[in-house]
Amino acid sequence: VDVEFKLQDTKKLLKDCEMKAKGYKKKLEEIQRDILKHLE
């Protein structure tokens, strides 16, 4: 039971990390877009 609980906890952490990574990626793309606009 304890092992199963830990497994689910780890999966939840992984999902959180994925969501954060996607968020950071979006922010990075927005920053790149802004920089390109300023360069034009």
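Any read-out appearing in this document is the output of simple, stated calculations on the displayed coordinates, not a laboratory observation. What you see is a predicted model; the values in this text were computed from it and never measured. In this analysis, Cβ positions are derived from the backbone assuming ideal geometry, glycine residues included, and neighbour counts consider all displayed protein chains.
A few notes on this one:
- Close Lys-Lys pairs in the chain, where close means Cα under 22 Å and separation is 8 or more or interchain: 15
- Count Lys and Arg as plus one, Asp and Glu as minus one, and take only other residues whose Cβ is under 14 Å from that of Asp16; the net charge is then +3.
- When only the Cβ of Lys, Arg, Asp and Glu is charged (+1, +1, -1, -1), the dipole of the chain relative to its Cα centre reaches about 80 debye.
- Which of Asp2, Asp16 has the fewest Cβ neighbours within 10 Å, and the rest in rising order: Asp2, Asp16
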